[in-house]
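Following: one structure in structure tokens, then a few remarks.
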Amino acid sequence: MHGVTNELLKLIPGFRERDERLLVCATNSNRSLDPAFLRPGRFDYLIPIGTPDKAAWAAIWARYTEGRADVDIDELVLASELFTPADIEHAARVAAQASFERDLLSVGVRAGDGSAPGASTVDYLEAIAECRPTVTPEMVEQFASDITTHART
């Protein structure tokens, strides 16, 4: 790793000298970077993004629930507080698979019972319970600390 870090640090000044270039880098953890990357002069801006907020989680769930009025997005948001967008996608796929299997088995049986095919709030909540979130409370605390330590905008 040390050799890679040194090479990148050598390349950044040459890259910055040329006009009309923008260097954008991303990481899930500032703490895993060599501190030399985070010193002023390497990058003009360090912009922490963090985990989604409630509005973002709701928008992500709305995408995967396809705007179904019978799915309680607010309940899904509360149940998936430490989920990343990828975690939500995984849970949505698990719910879709479970509902597909159920719907496939009940073809013809459901006629007239009033239930629509597809994943319900219960399906999504069961999928959320099966999935393990990527983010931990400790990671949220570390991220908040990193914002105050490293952010430059």
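Points worth noting:
- Filter result for E81 (modelled with pLDDT of 95 or more and open to solvent by 50 Å² or more (accessible area, probe 1.4 Å)): no
- Residues in region 1-19 that are of a type in the set (A, V, I, L, M) and open to solvent by 90 Å² or more (accessible area, probe 1.4 Å): M1, L11.
- Which numbered condition G50 fails, given (1) modelled with pLDDT of 95 or more; (2) touching a Phe, Trp or Tyr at 6+ places or on another chain (Cβ under 6 Å): (1)
- Residues within region 20-39 that are open to solvent by 50 Å² or more (accessible area, probe 1.4 Å) and either within 16 Å of V135 (Cα to Cα) or hydroxyl-bearing (S, T, Y) (or both), tallied: 4
- R93 being open to solvent by 40 Å² or more (accessible area, probe 1.4 Å), basic (K, R) and at pLDDT 95 or above: yes
- Cβ pairs under 7 Å, 6+ apart, first in region 5-30 and under 28 Å from A144 (Cβ atoms), second among the basic types (K, R) and open to solvent by less than 100 Å² (accessible area, probe 1.4 Å): I12/R42
- Among the residues of region 40-54, those identified as open to solvent by less than 60 Å² (accessible area, probe 1.4 Å), on the phi < 0 side of the Ramachandran plot and outside any strand (DSSP E or B) are P48, P52.
- Criterion (outside any helix (DSSP H, G or I) and touching a residue at least 60 places away in the same chain (Cβ under 8 Å)) met by exactly one of V140, V71, V135: V135
- Options V71, V77; residue that is within 17 Å of the chain's Cα centre (by Cα), closer than 27 Å to P133 by Cβ and β-branched (V, I, T): V77
- Checking each residue in region 55-67 for being modelled with pLDDT of 80 or more, open to solvent by less than 90 Å² (accessible area, probe 1.4 Å) and either over 30 Å from D123 (Cβ atoms) or of a type outside the set (F, W, Y) (or both) picks out A55, A56, A58, A59, I60, A62, T65.
- Region 123-153, subset modelled with pLDDT of 90 or more and exposed (fewer than 14 other Cβ atoms within 10 Å of the Cβ), residue farthest from T65 (Cα to Cα): E138
The values are calculated or read from the model by the stated rules, or taken from the named source; none is laboratory data. Given the structure is predicted, the values throughout are model-derived calculations rather than measurements. So basically every Cβ, Gly included, is an ideal-geometry build from the backbone, and we count neighbours across all protein chains shown. For the accessible areas, the whole protein counts, side chains as well, though only heavy atoms, and no ligand, DNA or RNA atoms are used. Shrake-Rupley method; radii C 1.70, N 1.55, O 1.52, S 1.80 Å.
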